[in-house]
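Some notes on the structure that comes next.
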Amino acid sequence: MTSLRLLSAAALLALATGASATSFVVTTDAVVDGIKSTSDATSDVTSSFDDDKIVLAARDDAASFVASAGDIRGARLEAAFKHIRGLQPQLAASDMQLAQAILTL
C-alpha cells in the first residue's frame, strides 16, 4: 500500500511539473508577443514623430499615463493621441503603447 501511495505521489508530481512547464511556455509566448507588438508600435511612432512638437510636448503627460497604468490622462497626451491617429489611421496601437512610444522619443 505504501509503494502505491509513493507511486501515486510521484505521478502527481510529474503531472504538476508538466503543467507548470506548459504554463510557463504559454506565459512566455504571451509576454513576447506583447513586447513585439509594443516594439512595432514604438518603431512606427518614433520613426515618424521624433521631431513633432505636439508629440514631444506630451512626454510628461505620457510618463504620468504610463506610471498610473492609464489612470492619469493629460490634455497634451490626448492631443498627441488624436494627432498621431489622424496622421496614421492604419496604426493599430493602444493608448498605452502610444504613450510608451512617446516616452522613447
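FYI, it's all coordinate maths here, none of it is from the lab. Please read these numbers as outputs of a predicted model, since none were measured by experiment. Quick reminder, even Gly has a Cβ in these numbers, built from the backbone with ideal geometry, and neighbours come from all protein chains shown.
The length gained by stretching the chain between ARG5 and ASP50 to full extension, at 0.36 nm per residue less their Cα-Cα distance, is 9.7 nm.
Taking a sphere under 11 Å around the Cβ of ILE102 and counting the other residues whose Cβ falls inside, with K and R at +1 and D and E at -1, yields a net charge of -3.
Phi angles across region 62-68 convert, under the Karplus curve 6.51 cos²θ - 1.76 cosθ + 1.60 with θ = phi - 60°, into 3J(HN,Hα) values of 5, 5, 5, 4, 5, 5, 9 Hz, Gly and Pro given as x.
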